[in-house]
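A.B. asks: One structure follows; several queries about it will come next.
The values are calculated or read from the model by the stated rules, or taken from the named source; none is laboratory data. What you see is a predicted model; the values in this text were computed from it and never measured. Cβ placement follows ideal geometry from the backbone for every residue including glycine, while neighbour counts extend to all protein chains displayed.
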Amino acid sequence: MDVLLPRTLEEALEMKAAKPEALPIAGGTDVMVELNFDLHRPEALIDICRLPELREWKRENGMIFLGAGVTYGRIMRELSELTPLTQASRTVGSPQIRNRGTVGGNLGTGSPAGDALPVLAAYDAEIELASANRARSVRWNEFHVGVKKTALEPDELILGARWRAVRGPGSFSKIGTRNAMVISVAGLCLVMDDDARAVRVALGSVGPTVLRASEAETFVAEELTRSGNWDDPGADLPVDAMGAFAERVAAAARPIDDVRGTAAYRRHACAVLARRALGWALAARREGVGRP
Amino acid sequence: MGDTRVRERTRGGIGEDVARIDGLPKSKGAFAYASDLWADGMLWGHTLRSPHPHARIRSIEISAAVASPGVHAVLTAEDVPGKKTYGLEFADQPVLAWDRVRYVGEPVAIVAAEHPELARRAAARIVVDYEVLPAVTDMKEALEPDAPKVMEFGNVLRHVRIVHGDPDADADVWVEGYYETGMQDQAPLGPEAGLAVPAEDGGIDVYVATQWLHVDRQQMAPCLGLPMEKVRVYLAGVGGAFGAREDVSMQIHASMLALHTGKPVKMSYGRAESFLGHVHRHPSRIWMRHGATRDGRLVNIRARLLLDGGAYASSSTAVTGNASTFACGPYEVPNALIEGTGVYTNNPPCGAMRGFGAVQACFAYEAQMDKLAAVLGIDPIELRLKNALSTGSVFPTGQVIDGTAPVREVIERCAAIPLPPEEPTGPATRDPITVPGGAQNVGHGEGLKRGVGFAAGYKNTAFSEGFDDSSEAWVRLSAGPAGPLVEIRSAAAEVGQGVYTILTQIARSELGVERVILDPSDTNIGSAGSSSASRQTMMSGGAVQLACGAVREALFERVRAREASSDPAGELRLEAGQVLESELPLGPIERFLDEPIEETRVFHHRPTEPIDERGQGAIHVSFAFAAERAVVEVDEDLGLVRVIQIAAAQDVGSALNPRSVEGQIEGGTAQGLGLALMEELQVVDGRIRNASFTDYLIPTILDMPPVVSVLVEEPEPGVPYGAKGVGELSTIVAGAAVAAALRNATGRELNRIPVKPDDLVGLAEPPTSSGPPAAPDVPGPRSVPEYFGLGAGQMEILANDADDA
């Protein structure tokens, strides 16, 4: 097995074009496990962890770019104002794993249990891809097309994710049957977008890919409009509306029974998390968090 | 003379919190575990395992594997040099399967190659033609007459029937319950590993992480066709055991490959293979009916226990014996009928795990005690105190407790430990990491219910039912370059429990010498018995004490012969490197050590009896008791749990190293808490679905609460230093206490552990049974295979009969 060691992005894309079967490796927290367990033997590895373009995050023109090579540890230290992303990063494995694992790994592996993915979905992120002769962006839901299936072409690398910075509170929660270091049984990210007057809810581990609860989103945005909450964060949302929102979120889940949990519990958990996350967001707005 | 000044006492002796001698290297990553073993030119072994729970082997084609690059040997059952089967209690387990495989993961062929990868690839090229047979993977179905037979003689391993008093005695009040426990794994962090090195004398030297060197050798030698003395077993660094290393794993396979190739062969299981390569805790189904007087005295207990032993016997018969004899808990009951059955199935074999049958029984009888308390309207702790065993009490087996039995004390002292303060439960009032769900941010204090649960339990120390699991020790006292030096040799396996440190503490106290060297454990000395059954402090500690005593007497003879005594009747004593006579220093010990003194001694516990037809007999050596109280917080909406505090009181006899005892209580509690909340091998149709640490969850530090321990010290008569075994009790009671606390918090039945989130939010129905599990019509009370002439393993040691082949 060859290991390719590009020093620049340009070089990396050339190598990838010449050897499309080369599997990108950054932190190795997914790839090395597969290798060690002899589950997957790629022809070659391409080590992308030294490419500066992938290791940066930046804000420009109201957008946020998060490089594929940024580790969860760095997100927690450097991007703490992005609450849902930081919370999701905190739930990834152990400190050692967070110091190695990258957002690009979640994207490339494409497991619906990837902890960062519901956050990117709730942010409506575009995934930026490049090959030697073109660059393109793909919306998050067009990038992950099935369980561990992505729209990545063989000659492409994932550069990172880009999304419009959102004004408004949000959170990420993850269910697991122990209190740390656990693969997601169900995950939920809720983001309130004060400017767009929208609520976006994404679910992890309850379908073949990360899902958005679109009906619930529309429903709750309308309820917030009806109650006047968008203009007056002190205005209460009717309790019934909270419950109806939670039910709609649960209905969006497409869970299965597996070794980590039952479909019934996953659906139930989505409802509980949805109600809680909305409650936290409304409370944060009342208290003025995320407002200028 | 300045150097004759006497310090108060010898440092580092018994009763002190002596630091673990393996603690620093393990903490710093410098400790060499079995998986770190290396020999020049060594080959790597790999095991091909059965993919089927039950199948006939039509043929095995190895030619492609033999022709693979780097391969030095591919061996099957035909190549086993001697006896084809082995086993701890009965030799019913094939070294390599021929004819039939009985569980998923059963070894079928072994390969030695120059690299583990080459060995693995070659193994993948072995073609085994299987005819898949119907499998029995449910313990209850195994008892049905038309069930597929795992063994020719049927599916019953052992049936124990204990008849005590009048089993038909009536009571004012009855409570009935049905309970299930899942298949827990020992999950030692160090997977099975060892290195077999062929010796010039045609024998083999095997370095392996194990719990009992001599029982390994006992099983290895006949299979290898070697005399016992040509199989030498050395203890390699053990990364946890908890019962998982009591059975042979890679020992015979690596030895076969090494003898065949003439090269050292290392075998080192990966995590997934480790789950297939050792036995597990028996899943159980238990039905109980408790009768009591209106004022809360137990009158009669009926119990039926069913344990899934899996495909081979391992130690299932002893586990069945324990679960059955302990079924009534640490309580006096005048009448009882207990029927316990261990069965064969096509599930992975089950055997020894910390608690050894007592864990399953405790979960059931403590739930029953709570049920009874609720029906009678009596405080659960008061009910337990009212029925608590004490010295002189009689067990359902007729055995009278003649040692200490501070059951009341452990219950009272545990209950007296202050409860943790109530925490604010409103939203956003505390750090989310402290609520159920921990680091995952699922709640800010919503839906929390606190619950408190209590459990008491007990277990025996050392082996039972007539087994003489003796321990030998050799001690040498000599003049070293820096004063007197003690050297100890014992085959006791340090498995992380601290026995090495205890043995050195004992030598220091017995000989008044602080410099103690412990030789590596191997089979060049007599057996120390197993590092299991909470027995090493008592047994190997006892052997070192005896040997030290003999060395001391020899030294005193020299002293008396050489010193013109000022006080011929004066008592000699050793302390802090000095010989004292009537508390006055005679001189440094090394003055009398121009020749070293060596002594070897064997410690035997008192004899026990086999169990008889009515389940009667003084079958256990000594008993220890414990109580734990769990305080939990349940997120009622999500069914997630945080244990807030464990209060523990344990009957330890006397604590030779209090810090180590507390460590054992905490570690054992973590394992019991794990069983209650998360640890289960999910076996479906005979296949383990979660053979990884990704999906077999064990508690993290965020799942473990503070453990407040109280050591109840009432020295046990007739036992070295009065010290009882301490390794298992907290595991036995922790699971039951946590489950009780969850019931208290939620009001739900929760009659199966591990308790799942689905159970706590009411999405899953509790398991039920239509009446007690069946009691089979088989010979008893001994193990069924015995009636069919299958005897081997430990029984050979007992019979001192090493020529079975």
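A.B. asks: Of the residues B:727, B:718, B:722, which is crowded, with 23+ Cβ neighbours inside 10 Å and of a type in the set (Gly, Ala, Ser)?
C.D. replies: Just a single option satisfies the conditions, and that option is B:727.
A.B. asks: For segment B:340-396, which positions are of a type in the set (A, V, I, L, M), part of a loop (DSSP other than H, G, I, E, B) and touching an Asp or Glu at 6+ places or on another chain (Cβ under 7 Å)?
C.D. replies: Across segment B:340-396, the qualifying residues are B:352, B:389.
A.B. asks: Looking at this structure, is residue B:182 under 18 Å from residue B:785 (Cβ atoms), among the small types (Gly, Ala, Ser) and touching a residue at least 24 places away in the same chain (Cβ under 8 Å)?
C.D. replies: No: the conditions fail for residue B:182.
A.B. asks: In addition: Which ones in segment B:700-754 are part of a loop (DSSP other than H, G, I, E, B), hydroxyl-bearing (Ser, Thr, Tyr) and more than 14 Å from every other protein chain (Cβ to nearest Cβ)?
C.D. replies: Those that are part of a loop (DSSP other than H, G, I, E, B), hydroxyl-bearing (Ser, Thr, Tyr) and more than 14 Å from every other protein chain (Cβ to nearest Cβ): none in segment B:700-754.
Results for (1) in contact (Cβ under 8 Å) with a residue 12 or more places away in the chain; (2) touching a His at 6+ places or on another chain (Cβ under 6 Å); (3) polar (S, T, N, Q); (4) away from chain B (no Cβ under 14 Å), shown as yes or no for each residue.
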position	(1), (2), (3), (4)
A:32	no, no, no, no
A:36	no, no, yes, no
A:42	yes, no, no, yes
A:49	yes, no, no, yes
A:55	yes, no, no, yes
A:62	yes, no, no, yes
A:85	yes, no, no, no
A:92	yes, no, no, no
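A.B. asks: Now, a different point. Which residue is nearest to the other protein chains (Cβ to nearest Cβ), if the candidates are limited to segment B:262-277 and must be in a helix (DSSP H, G or I) and closer than 17 Å to residue B:48 by Cβ?
C.D. replies: Residue satisfying both the conditions and the ranking: B:272.
A.B. asks: Right, next: When you scan segment B:545-559, do you find a residue that is β-branched (Val, Ile, Thr), in contact with a Leu (Cβ under 9 Å, 6 or more places away or on another chain) and part of a loop (DSSP other than H, G, I, E, B), even just one?
C.D. replies: Within segment B:545-559, none of the residues are β-branched (Val, Ile, Thr), in contact with a Leu (Cβ under 9 Å, 6 or more places away or on another chain) and part of a loop (DSSP other than H, G, I, E, B).
A.B. asks: Here is a further query. Limited to segment B:773-789, what total is found for residues that are more than 27 Å from the chain's Cα centre (by Cα), more than 22 Å from residue B:289 (Cα to Cα) and surrounded by 16 or more Cβ atoms within 10 Å (Cβ to Cβ)?
C.D. replies: 1
A.B. asks: Among the residues of segment B:160-170, are any buried (at least 16 other Cβ atoms within 10 Å of the Cβ), in a loop (DSSP other than H, G, I, E, B) and within 30 Å of the chain's Cα centre (by Cα)?
C.D. replies: no
A.B. asks: Might you check whether a residue that is at pLDDT 95 or above, part of a strand (DSSP E or B) and buried (at least 20 other Cβ atoms within 10 Å of the Cβ) occurs anywhere in segment B:492-512?
C.D. replies: There is no residue in segment B:492-512 that is at pLDDT 95 or above, part of a strand (DSSP E or B) and buried (at least 20 other Cβ atoms within 10 Å of the Cβ).
A.B. asks: Residue B:234 - would you say it is touching a residue at least 24 places away in the same chain (Cβ under 8 Å), over 26 Å from residue B:51 (Cβ atoms), aromatic (Phe, Trp, Tyr) and touching a helix residue (DSSP H, G or I) at 6+ places or on another chain (Cβ under 6 Å)?
C.D. replies: no
A.B. asks: Taking residue A:246 as the residue in question, decide whether it is of a type in the set (A, V, I, L, M), part of a helix (DSSP H, G or I), within 19 Å of residue A:213 (Cβ to Cβ) and touching a helix residue (DSSP H, G or I) at 6+ places or on another chain (Cβ under 6 Å).
C.D. replies: When the stated conditions are applied, residue A:246 passes them.
Matching residues to (1) small (Gly, Ala, Ser); (2) under 24 Å from the mean Cα position of the chain (by Cα); (3) not assigned by TED's automatic domain parsing to the domain that holds residue B:681:
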| position | (1), (2), (3) |
| --- | --- |
| B:354 | no, yes, yes |
| B:367 | yes, yes, yes |
| B:406 | no, yes, no |
| B:409 | no, no, no |
| B:417 | no, no, no |
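A.B. asks: Still on this structure, please answer the following. With respect to residue B:425, is the statement that it is within 14 Å of another protein chain (Cβ to nearest Cβ), in a loop (DSSP other than H, G, I, E, B), at pLDDT below 95 and within 22 Å of residue B:645 (Cα to Cα) true?
C.D. replies: Criteria not met by residue B:425.
For (1) closer than 30 Å to residue B:700 by Cα; (2) at pLDDT 95 or above, each residue gets a yes or a no:
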| position | (1), (2) |
| --- | --- |
| A:212 | no, yes |
| A:242 | no, yes |
| A:259 | yes, yes |
| A:278 | yes, yes |
| A:289 | no, no |
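Conditions tested, residue by residue: (1) buried (at least 24 other Cβ atoms within 10 Å of the Cβ); (2) over 29 Å from residue B:775 (Cβ atoms).
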{"position": "B:326", "(1), (2)": "yes, no"}
{"position": "B:329", "(1), (2)": "yes, no"}
{"position": "B:344", "(1), (2)": "yes, no"}
{"position": "B:354", "(1), (2)": "yes, no"}
{"position": "B:365", "(1), (2)": "yes, no"}
{"position": "B:386", "(1), (2)": "no, yes"}
{"position": "B:394", "(1), (2)": "no, no"}
{"position": "B:399", "(1), (2)": "no, no"}
{"position": "B:419", "(1), (2)": "no, yes"}
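A.B. asks: For segment A:129-144, give me each residue that is surrounded by fewer than 21 Cβ atoms within 10 Å (Cβ to Cβ) and either of a type in the set (Asp, Glu) or not in a strand (DSSP E or B) (or both).
C.D. replies: Matches in segment A:129-144: A:132, A:133, A:141, A:142.
A.B. asks: Find the strands (runs of 3 or more DSSP E) located wholly in segment A:145-205 whose residues include 3 or more that are more than 14 Å from chain B (Cβ to nearest Cβ), at pLDDT 95 or above and under 30 Å from residue A:10 (Cα atoms), and list them.
C.D. replies: Counting at least 3 such residues, we get A:157-164.
A.B. asks: Which residue pairs have Cβ atoms closer than 6 Å, lie 6 or more positions apart in sequence or on different chains, and pair a first residue in segment B:13-42 that is not assigned by TED's automatic domain parsing to the domain that holds residue B:210 and of a type in the set (Gly, Ala, Ser) with a second residue that is surrounded by 13 or more Cβ atoms within 10 Å (Cβ to Cβ) and in a helix (DSSP H, G or I)?
C.D. replies: The qualifying pairs are B:13/B:505; B:13/B:508; B:13/B:509.
A.B. asks: Also, I was wondering about something else. Within segment B:663-699, which residues are among the acidic types (Asp, Glu), more than 9 Å from chain A (Cβ to nearest Cβ) and either within 19 Å of residue B:755 (Cα to Cα) or not in a helix (DSSP H, G or I) (or both)?
C.D. replies: B:679, B:680, B:685 - these are the residues of segment B:663-699 that are among the acidic types (Asp, Glu), more than 9 Å from chain A (Cβ to nearest Cβ) and either within 19 Å of residue B:755 (Cα to Cα) or not in a helix (DSSP H, G or I) (or both).
A.B. asks: Scan segment B:627-647 for residues that are within 14 Å of chain A (Cβ to nearest Cβ) and assigned to a strand (DSSP E or B) and jot them down.
C.D. replies: Result: B:632, B:633, B:634, B:635, B:640, B:641, B:642, B:643, B:644.
A.B. asks: Looking at A:213, A:165, A:186, can you tell me which residue is surrounded by fewer than 20 Cβ atoms within 10 Å (Cβ to Cβ) and on the phi < 0 side of the Ramachandran plot?
C.D. replies: Every option except A:165 fails the conditions.
A.B. asks: Restrict the check to segment B:287-295 and report whether at least one residue is surrounded by fewer than 24 Cβ atoms within 10 Å (Cβ to Cβ), under 22 Å from residue B:140 (Cβ atoms) and not assigned by TED's automatic domain parsing to the domain that holds residue B:102.
C.D. replies: Scanning segment B:287-295, I find at least one residue that is surrounded by fewer than 24 Cβ atoms within 10 Å (Cβ to Cβ), under 22 Å from residue B:140 (Cβ atoms) and not assigned by TED's automatic domain parsing to the domain that holds residue B:102, so the answer is yes.
A.B. asks: Output the number of residues of segment B:18-53 satisfying the condition of being surrounded by fewer than 20 Cβ atoms within 10 Å (Cβ to Cβ) and of a type in the set (Val, Ile, Thr).
C.D. replies: The total comes to 1.
A.B. asks: Moving on to the next point. Is one or more of the residues making up segment B:435-458 surrounded by fewer than 18 Cβ atoms within 10 Å (Cβ to Cβ), among the β-branched types (Val, Ile, Thr) and either within 31 Å of the chain's Cα centre (by Cα) or within 14 Å of chain A (Cβ to nearest Cβ) (or both)?
C.D. replies: no
A.B. asks: Take the residues in segment A:245-289 that are within 7 Å of chain B (Cβ to nearest Cβ) and farther than 25 Å from residue A:82 by Cα, then tell me which one is surrounded by the most Cβ atoms within 10 Å (Cβ to Cβ).
C.D. replies: A:265
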